[in-house]
Each structure stands twice: as C-alpha cells, then as structure tokens.
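Here, each number is a calculation from the coordinates, and none is a lab measurement. These numbers were taken from a predicted model, which means no experiment stands behind them. Note: ideal-geometry Cβ built from the backbone for every residue, glycine included; neighbour counts use all protein chains shown.
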Amino acid sequence: MAKDPVCGMQVDEKKAPSTTHGGQKYYFCCDGCKSAFEKDPAKFLGGQGSHAGHGHGGH
Ligand SMILES: [Zn+2]
C-alpha cells in the first residue's frame, strides 16, 4: 500500500493512478487527487507533518 499525499488515504499502488515527482513515485486514490498534486506538488509535500495545504498564500 501507498499513501495518497493529497488526501492521506491508503491506496493500492497496483491500481492507483500515479505520477513521478523529483524521482519519487506517488500514488493517488483518484485522478482528481493526481491532478491536484501535479498542479502544485510543493503544497502537498512541503508541509511535512501536519496541516499540509493550510499554508499562507495560495488562495
Ligand atoms: Zn486522494
């Protein structure tokens, strides 16, 4: 199992949509999460720990 960095769900890497970023492969529960990640990977990877996506700036 792999973790969807967007929503935090556990996903099956055999079936899940995936993308490669910075040499690392990421898996998603759905295409919606995948496109959200591809649009702004830093948003989901930057805040290692808690409150990812609640940073300043953005919207
Ligand atoms: Zn997801």
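Among the residues of the stretch 1-17, those identified as within 12 Å of the ligand (Cβ to nearest atom), of a type outside the set (Lys, Arg) and more than 15 Å from Gly46 (Cα to Cα) are Ala2, Met9, Gln10, Val11, Ala16, Pro17.
Just to be sure I understand, how many residues within the stretch 4-33 are under 9 Å from the mean Cα position of the chain (by Cα) and in contact (Cβ under 8 Å) with a residue 24 or more places away in the chain? Final tally of qualifying residues: 8.
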